[in-house]
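The values are calculated or read from the model by the stated rules, or taken from the named source; none is laboratory data. Bear in mind the structure is a predicted one, so any value in this text is a computation, not a measurement. Positions of Cβ are backbone-derived with ideal geometry, glycine not excepted, and every protein chain shown enters the neighbour counts. Remember, those area values only see protein heavy atoms, side chains included, never the ligands or the DNA or RNA. Shrake-Rupley method; radii C 1.70, N 1.55, O 1.52, S 1.80 Å.
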Amino acid sequence: MKTTAKETGTSYTNGNTNVLPEPERKGRLLDLKSLTGKRVTWIIILLLLFAVPLLITKNSYLFLLTNIFIWSVFAMSYNLLLGYTGIISFGHAMFFGIGAYSLALTARHVPSGEFGFLLAILLTVGICFVLSLIVGLLSLRLRDTFYALITLAVATIFVIIAEQWRSMTMGNDGFNFTATLSRDLFGFINLLDRRHVYYIALIFLIAMFLVLKRFIHSPVGRTLQAIRDNEERVASLGFSVLNYKLISNVVAGVMAGLAGVVYAISIRFVSPASVLGVEKTIDVLLMTVIGGVGTLLGPIIGAGVVEVSSHYLMGLANIHPIFERWVIMFGVVFILIILFFPAGIVGTINQKYKSKKRKGKSHE
Amino acid sequence: MNTTTKDAKGQSHAKETTKEKIIETVNVTKSFGGHTAVNAVSLTIFDKEFKSIIGPNGAGKTTFFNLLSGQMKPTSGKIHFRGKEIHHLPPHKRTKLGIGRSFQITNVFPTLTVLENVRLAVQGKHNIHYSMFRHYRYYKHLEEEALDALERVNLREKSDQPASALAHGEKRKLEIAILLALDTELLLLDEPTAGMSIDEVPQIIEVLENIRDQRDRTILLIEHKIDLVKHLSDSIAVLFHGKQLADGSPEEIMNNEQVQSAYLGGLYDDAEN
């Protein structure tokens, strides 16, 4: 949290995706007020989130929230590609799956919990780094459509490996590793306690959010957004577009991999369909679009909407068999959101807020 | 082609005694299928010179620029920049060597603010490339330099607007501000005043005059407004149907019969042969 404290000292604020260099002429006092207001809101939200496990004892809610946090990180990493660099990947789930399988396999095969956990993280970061670099080098110098297709192809290879290498992965059935999860990781973390896992996911989300926020607002992040707008012009300013896209690809890949590690801890089970399939990439694509492409908070809101609505829509099956096909209902939710929030929930709200502000200015 | 002798007659206010070549093309050719857009053009531009390229529409002027700045690779021929072969280099490497260009078709970053458009150019110029963990406003001086460039084209008040909200003429000015901020030793300007309203043009001319009078960089200008070209240039090259028709001082070019007939028609039949 050091960074936020430092940042709020100047004229830009938490969570504000459009850090425009607003001239500080009029209403400096007002600015400060809204700034602190924003800060207070954030602190309250964070306190509430940290208090949740003390207030809610029902494990299923904790489980739902935990998964929202993890999917948020996964969607945030996807948004770095789609929203901030302007490239579509159809294979992003391979990084997520690599992370999940790394944790699952080390949990099953490595007796020492700490060593296994660190090894899983090391493997995930290493493999995702190299893989995203290679895939990027193969495809990013070509047109964006090739990138989409090559990521799809490579991701499919990983699905096939997970399905066929039965001795290692148990094939399509996947495997459960609840029994081998550490109960005293580093002496104080019980991976079978839902509250502990909740805190891991929450701290993970906050950490990744801050990392991404800093990255987006770094010179590299700004260059990526320019690439999204006009690639040719960025090159003519002396930037190597390929290198920047590679950086974006690697950061997104490693971040998705880490999200996979935490996801495996949460669901204690891996199978090709649950962590590797192309549908998982489509899921984060939906979350990003629903929340708002190219906004920092969008993927978090999107993950929340998708997870909560699918949770309750699935539950409706008990009321009437027509709700067995809950995906159709989800389709309706999706269409409604796109109708009323064409730029995603956060994106549309940002636009409205901005245009209001501009109108206010011109009236003065 | 012996362009050197022609260029030695450059206009009087080209005071430099050192006539060092900054960029030189040798028989550079670009074909698209059967169509040859640039046909064996050998042109030399001297250091600190203000040179213009004129020619009717479709003469290959912009294609020639694309070959110089790297957006296109020549089909054949060579390009030397300060004695170094550059025709195989991608655009960003040529920019780093010192070749900056503006575009005829407005080519800015629409969703970014006006300031950010220019700030990126300054960032590129200062080689701040792979900084990932610092806030971009840590580099405060970049912003100040960008604001200076905006000041020069009178866009400073619009600095916090998204570029897409600018009027067409203002976008053209932004285009020039980006190039100024890039601060390269060779400036390629592709019709900087195209699409501007008449009252905006003098200001751009003034900007160009100022750069010329500082005499610290080389300018290559594509422009249709002949008065403007005559007024600014040390030398003028004429392209016609992809070929180099003439190259010399403004007076020579204006009195050149071939050039006159190229603009009035008549040469079209010859060019076919």
Breaking point among (1) in a helix (DSSP H, G or I); (2) under 30 Å from B:Met72 (Cβ atoms), for A:Arg214: (2)
Search result, residues across region A:232-257 that are more than 19 Å from A:Ser77 (Cβ to Cβ) and in contact (Cβ under 8 Å) with a residue 60 or more places away in the chain: A:Leu242
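Among the residues of region A:246-261, which ones are open to solvent by 10 Å² or more (accessible area, probe 1.4 Å) and away from every other protein chain (no Cβ under 13 Å)?
Pass one, region A:246-261, residues open to solvent by 10 Å² or more (accessible area, probe 1.4 Å): A:246-247, A:250-251, A:254, A:258.
Within region A:246-261, just A:Leu258 meets the criteria.
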Whichever residue in region B:144-172 is hydrophobic (A, V, I, L, M, F, W, C) and open to solvent by 40 Å² or more (accessible area, probe 1.4 Å) and, among such residues, is farthest from the other protein chains (Cβ to nearest Cβ): B:Ala167
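Is it the case that region B:126-134 has a residue that's open to solvent by 10 Å² or more (accessible area, probe 1.4 Å) and touching a residue at least 40 places away in the same chain (Cβ under 8 Å)? If you could, list the steps in order and put the result at the bottom.
Let us first name the residues in region B:126-134 that are open to solvent by 10 Å² or more (accessible area, probe 1.4 Å), namely B:126-134.
After this cut, where a residue has to be touching a residue at least 40 places away in the same chain (Cβ under 8 Å) as well, the list is none.
No, because not a single residue in region B:126-134 is open to solvent by 10 Å² or more (accessible area, probe 1.4 Å) and touching a residue at least 40 places away in the same chain (Cβ under 8 Å).
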Residues satisfying the stated conditions in region B:122-143, i.e. assigned to a helix (DSSP H, G or I) and either farther than 14 Å from B:Asp160 by Cα or more than 8 Å from chain A (Cβ to nearest Cβ) (or both): B:Val122, B:Gln123, B:Gly124, B:Lys125, B:Tyr136, B:Arg137, B:Tyr138, B:Lys140, B:His141, B:Leu142
Selection from region A:146-192 of residues that are farther than 15 Å from A:Val270 by Cβ and basic (Lys, Arg): A:Arg183
Search result, residues across region A:225-245 that are out of contact with any Ser or Thr (no Cβ under 8 Å at 6 or more places or on another chain), more than 8 Å from every other protein chain (Cβ to nearest Cβ) and open to solvent by less than 20 Å² (accessible area, probe 1.4 Å): none
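Answer with yes or no whether A:Ala317 is modelled with pLDDT under 90, of a type in the set (Gly, Ala, Ser) and surrounded by 13 or more Cβ atoms within 10 Å (Cβ to Cβ).
Numbers: modelled with pLDDT under 90: yes; of a type in the set (Gly, Ala, Ser): yes; surrounded by 13 or more Cβ atoms within 10 Å (Cβ to Cβ): yes.
Considered against the rule, which asks whether it is modelled with pLDDT under 90, of a type in the set (Gly, Ala, Ser) and surrounded by 13 or more Cβ atoms within 10 Å (Cβ to Cβ), A:Ala317 comes out as yes.
Take the residues of region B:45-63 that are in contact with a Leu (Cβ under 7 Å, 6 or more places away or on another chain) and not basic (Lys, Arg): which is nearest to B:Arg94 (Cα to Cα)? Don't jump to the end; show me each part of the working.
From region B:45-63, those in contact with a Leu (Cβ under 7 Å, 6 or more places away or on another chain) are B:45, B:50-53, B:55, B:59-61; that's our starting set.
Right, trim to not basic (Lys, Arg) and you get B:45, B:50, B:52-53, B:55, B:59-60.
On the way: B:Ile45: 16, B:Phe50: 20, B:Ser52: 20, B:Ile53: 20, B:Gly55: 25, B:Ala59: 24, B:Gly60: 21 Å.
Residue satisfying both the conditions and the ranking: B:Ile45.
Can you tell me which residue among A:Ile338, A:Ile328, A:Ile322, A:Ile345 is surrounded by 19 or more Cβ atoms within 10 Å (Cβ to Cβ) and free of Cβ contacts under 8 Å to residues at least 60 places away in the same chain? Show your work before the answer.
Values: A:Ile338 fails: surrounded by 19 or more Cβ atoms within 10 Å (Cβ to Cβ); A:Ile328 fails: surrounded by 19 or more Cβ atoms within 10 Å (Cβ to Cβ); A:Ile322 fails: surrounded by 19 or more Cβ atoms within 10 Å (Cβ to Cβ).
Answer to the selection: A:Ile345.
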Given (1) under 23 Å from A:Lys357 (Cα atoms); (2) more than 25 Å from the chain's Cα centre (by Cα), index of the condition B:Thr113 fails: (2)
Flag if A:Val125 is part of a helix (DSSP H, G or I) and under 20 Å from the mean Cα position of the chain (by Cα): yes
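Determine which member of the set B:Phe103, B:Phe64 is out of contact with any His (no Cβ under 8 Å at 6 or more places or on another chain), of a type in the set (Phe, Trp, Tyr) and open to solvent by 10 Å² or more (accessible area, probe 1.4 Å).
Details: B:Phe64 fails: open to solvent by 10 Å² or more (accessible area, probe 1.4 Å).
Of the residues listed, the single one that is out of contact with any His (no Cβ under 8 Å at 6 or more places or on another chain), of a type in the set (Phe, Trp, Tyr) and open to solvent by 10 Å² or more (accessible area, probe 1.4 Å) is B:Phe103.
Take A:Thr57 and decide whether it is outside any helix (DSSP H, G or I) and under 19 Å from the mean Cα position of the chain (by Cα).
Working: outside any helix (DSSP H, G or I): yes; under 19 Å from the mean Cα position of the chain (by Cα): no.
So A:Thr57 fails the test.
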Count of residues meeting criterion [open to solvent by 20 Å² or more (accessible area, probe 1.4 Å), part of a helix (DSSP H, G or I) and not acidic (Asp, Glu)] in region B:202-225: 6
Filter result for B:Glu175 (within 28 Å of B:Thr44 (Cα to Cα) and open to solvent by 30 Å² or more (accessible area, probe 1.4 Å)): no
When residues of region A:176-191 are limited to those that are out of contact with any helix residue (DSSP H, G or I) (no Cβ under 7 Å at 6 or more places or on another chain) and open to solvent by less than 70 Å² (accessible area, probe 1.4 Å), the one nearest to B:Arg119 (Cα to Cα): A:Gly187
